[in-house]
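The values are calculated or read from the model by the stated rules, or taken from the named source; none is laboratory data. As the structure is a computational prediction, the values presented were derived from the model and not from experiment. Here the Cβ is made from the backbone with ideal geometry for all residues, glycine too, and neighbour counts use every protein chain on show. Only protein heavy atoms, including side chains, enter the accessible area calculation; ligands, DNA and RNA are left aside. Shrake-Rupley method; radii C 1.70, N 1.55, O 1.52, S 1.80 Å.
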Amino acid sequence: MSNFTCINCDARFANAEIQREHYKTDWHRYNLKRRVAQLPPVAAEEFQQRVLTARSATETAIEEQQMSIYCTACRKQFGNQKAHDNHLNSKKHKDALARFVETEPQSSSPALCVKSRVEPRPHPALAAAAAGKGRFAFAERAMQIDEDADDDDDADFEDIEEEEVDSDEWDKIAENPLSERDCLFCSEQSEDLVANLKHMSVAHSFFIPDAEYCTDMEGLIYYLGEKVANYFICLWCNDRGKTFYSLDAVRKHMLDKGHCQMLHEGVALAEYAEYYDYSSSYPDNKEGMDIDEEVVPELLDGDEYQLVLPSGAVIGHRSLLRYYKQRLHPERAVVLKKSDRKLHRVLSEYRALGWTQTQQQAAARKAKDIHLMKRVQSKWQMQLGTKANKLQKHYRAQVLI
């Protein structure tokens, strides 16, 4: 009989090595959690069965999330099974189904519900980088140039084999159907870019944020059209809201929700950085200044307990907080210590008149007793005034009239 056991899993082992490996398994952790919940342990076979069941349920849920259901009668597409089931119980679907059965012959009628797998769409910025344009593509080219320079300098590095990418892979990204003259929110087509911006401003209240700093207005409008037409992304939700599957759907959403505007704050600022130049708003802006030049901060003066900023403000260490909290008045005049010469002269005259040290102690004791009596008297007067209610200037009896 083996001495190496696990009380939580009710199992025995041949040696200590197997026992230590058992303590690292998911089966042992699962039984530990069941023991905390005051539940009986689970055997290894049952635990494996539960793991397989949970994995299959997770895979099924992921597949359902990626499945799209198309209703042939209503010509509508739904992102999940629950939305499709609610649609089947609606009155509009029943009426459309009746018309569909009447118009389509029974033999040649297509399937009523068609399930298809929805491929996730890439972000417009990543798609632009894949197409060879945008700031991501520029960053990748810069990194590639730096890597090539490093390879040339160091001859010890091995040659890196670059994988050739077929040009057909780039053809999967469709061309932007909207030009600079097409409205982003409706099918209106203007004569030029200025007329298009005027139409979107008047009809849809759309405006370009920080237009005075926009350096490529035409490229910005083209990029927004690519987001709306190719990837069906709302300009305000920006991949945070509902997923759309057609240009009409995303246009209807922006018009209904009032999202006819750009999200130009937070992380979204980096997405449009290629089309803006804010260097003219810098306080130290000069003509011909290189905005990409590295800025070297000024060295701060001070010691280990305080720092002096360029503006002159002083930042102190937290250990000196009690001193910084003091409210001192620098304008207050300093009172100089009086000279003791006059006092010595007076005391010498008193001693000449026969005033001894004993009389001095008696006078000090008498002054101390008088001060104590005054304090006791003021204390009793306050107690007496409180009892007689003499501290209240205006008193009104609280009686019902």
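Between TYR276 and THR215, the built amide H atoms are under 5 Å apart, and every one of these is 5 or more places off in sequence or on another chain. Remark: segment 193-275 carries 50 Å² of accessible area per residue (probe radius 1.4 Å; ligands, DNA and RNA excluded). Per residue, the accessible area of segment 4-62 comes to 75 Å² when a 1.4 Å probe rolls over the protein heavy atoms.
May I ask you to derive the FRET efficiency for ARG50 and THR72 from their Cβ-Cβ distance with R0 = 41 Å, giving the value to the nearest 0.05? The formula returns an efficiency of 0.55 here. Counting protein heavy atoms only, segment 4-62 has 57 percent of its accessible area on carbon and sulfur, 1.4 angstrom probe.
Note: relative contact order over segment 3-84, using C-alpha pairs below 8 Å and six or more positions apart, is 16 percent. Taking amide H as placed 1.01 Å from N in the peptide plane, GLY302 has its amide H under 5 Å from the amide H of VAL308, each at least 5 places away in sequence or on another chain. Starting from the Cα gyration tensor of segment 1-110, take the square roots of the eigenvalues, sort them a ≥ b ≥ c, and report rounded, prolate or oblate (rounded when a/c is under 1.5, otherwise prolate if a/b is larger than b/c, else oblate). Cα axes put segment 1-110 in the prolate bin. Dipole magnitude for segment 193-275: about 480 debye, using +1 per Lys or Arg Cβ and -1 per Asp or Glu Cβ, origin at the Cα centre. Taken one residue at a time, the phi angles of segment 212-221 give Karplus couplings (6.51, -1.76, 1.60, θ = phi - 60°) of 5, 9, 7, 9, 9, 5, 5, x, 5, 5 Hz. Gly and Pro are set to x. With a Förster radius of 45 Å applied to the C-beta separation of ALA313 and ASP239, the computed FRET efficiency comes to 0.60. Per atom type, segment 193-275 shows carbon and sulfur on 53% of its accessible surface, probed at 1.4 Å.
R0 = 25 Å: FRET efficiency of TYR350 with HIS371, Cβ-based, nearest 0.05?
The computed FRET efficiency comes out at 0.65.
Modelled spin-label separation between LEU320 and LEU32, with each label point placed 7 Å from Cα along the Cα-to-Cβ direction: 5.1 nm. Summarising the label geometry, the points placed 7 Å from Cα in the beta-carbon direction at ALA57 and LEU384 lie 8.6 nm from one another.
Considering segment 193-275 at the alpha-carbon level, its Rg and Dmax are found to be 12.4, 35 Å. Here is the size of segment 4-62 from its Cα atoms: Rg then Dmax, 13.3, 42 Å. Quick one: length gained pulling ALA362 to ASN285 fully straight, 0.36 nm per residue minus the C-alpha distance? Result: 19.6 nm gained on full extension.
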